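Take a look at the structure set out below.
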Amino acid sequence: MITLRLRLQSNRRRSGVASREEKALRKRQFGRTGWSVSEIGFGAWAIGASWGPVKDVDSLDALRVSLDEGVDFLDTADVYGDHASERLIARILKERKKQGKSVPIVATKIGRRLPNQDAALFTYANLAPFVEDSLKALEVHALDLVQLHCPPIETYFRPEVFEAMDRLQREGKIRFHGVSVEKVEEGLKALEYPGVVSVQIVYNMFRQRPNDLFLDQARKRQVAVIARVPLASGLLTGKFRSDSKFDANDHRQFNRHGEAFDVGETFAGVPYEAGLAAVEEMRSLVPKGTAMTQFALRWILMNEAISVVIPGAKNAEQARGNIGAAVLAPLSPDTMARIRSIYETSIKTSVHQRW
């Protein structure tokens, strides 16, 4: 029986047909929470705001496809369309409960709705109402994971901020708390707080500095790492050109130089033309029949310190494309070395010490 099963699996691989087991998303431990999550999650910024036109019906389809294919970690924020993203997720949670299906872990973020980004404003009195608002938007009794949403660097030197998050956890409003950071230094400082169970950080082929120290330290301390901006705002899909156009309400148009928020969130902070040139250098490394999107996600998953990567999707097709990265074979040492070389020569000077 075992021999027959192995023969059938081998035949499926040769024919290009994956079995249901082979298609299943791999799980990774989410730090010391006790959670085991799909290594590919769903970043819900694009279905909320700032990514050009998107229809709710398409966003809901993207979520359904992702969850039905095994994704069980969603990342959102209260400012993604003023809770619009959270409310869409709430609809999916209710739908799945009604159908008797499993529901995902939902991570949200707070802090960007403060009147200004002043570390002194990150108090229990200010943060607690944001938690209440997200509880209402998601229609849940407790939030799985609440992350401080890229607060100013001074925040990490105020223990009372993290004591406020600990208090919210003790009150049962949140199950765990973490941070979303802009800079590696912020992530390293966050690791010092015992209540912080996760750090969300920009990590992709164009933003490799977390490899130098941060990821190793996070792993040693059993802190989960959420890799965001994995496709450099779409640059690493290989679909953009120098004359590509973006809608006026798309951050790839209105924040290209950091006009609205940290420029590192837009094209990972890489100058657009430099990014296009580096993509062309990398294109020859992508295996035949593989989408560059999947190749870029597989590069991230090569590092076992990454708990989950959270690409966005505005429709079902994009969601399926993201999930396809899960079945790619590991990248070879030569390919990894070549990607690093392109980063060193074409990208590093623009981003490495900045974030």
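The values are calculated or read from the model by the stated rules, or taken from the named source; none is laboratory data. None of these values were measured; they are calculated from a predicted model. Cβ coordinates were reconstructed from backbone atoms using ideal geometry, including for glycine residues, and neighbour counts include every protein chain displayed. These area figures cover heavy atoms from the full protein model, side chains too; ligands, DNA and RNA do not enter into them. Shrake-Rupley method; radii C 1.70, N 1.55, O 1.52, S 1.80 Å.
Measuring nothing but protein heavy atoms, the accessible surface of segment 268-355 at 1.4 Å probe radius is 52 percent carbon and sulfur. According to the calculation over all Cα-Cα pairs in segment 194-257, the P(r) per 5 Å bin from zero is 4, 14, 20, 19, 14, 11, 9, 7, 2, 0 %.
In the context of the full set of protein chains, segment 226-355 has a per residue accessible area of 44 Å² (1.4 Å probe). With semi-axes defined as the square roots of five times the eigenvalues of the C-alpha gyration tensor, the equivalent ellipsoid of segment 172-291 measures 30, 18, 12 Å, largest first. So how exposed is SER102, as accessible area in Å² (1.4 Å probe, rounded to 10)? Looks like 90 Å² after rounding. Of the accessible area of segment 131-187, computed with a 1.4 Å probe over protein heavy atoms only, carbon and sulfur atoms account for 50 percent. The Kirkwood radius of segment 89-160, taken over pairs of alpha-carbon atoms, gives through the Stokes-Einstein law at 20 °C and 1.002 mPa s a diffusion coefficient of 157 µm² s⁻¹. Using a cutoff of 8 angstrom between alpha carbon atoms and counting only pairs six or more residues apart, the relative contact order for the chain works out to 21 percent. A Cβ-based charge dipole, computed about the Cα centre of the chain with Lys and Arg at +1 and Asp and Glu at -1, lands at about 1540 debye. Here the average projected area of the convex hull drawn through the C-alpha atoms of segment 50-89 stands at 2.9 nm². For LYS55, the accessible surface of its heavy atoms amounts to roughly 140 Å² (probe 1.4 Å, protein chains only, rounded to the nearest 10). With both residues required to sit in segment 121-244, DSSP beta bridges show an antiparallel share near 5%.
Stokes-Einstein diffusion of segment 113-254 at 25 °C, 0.890 mPa s viscosity, Kirkwood radius from Cα pairs, rounded to a whole number: 147 µm²/s. Altogether, the Stokes-Einstein calculation at 20 °C and 1.002 mPa s, with the Kirkwood radius of segment 248-301 over Cα pairs as Rh, returns a diffusion coefficient of 170 µm²/s. The Rg/Rh ratio for the chain, using Cα coordinates for both the radius of gyration and the Kirkwood hydrodynamic radius, is 0.96.
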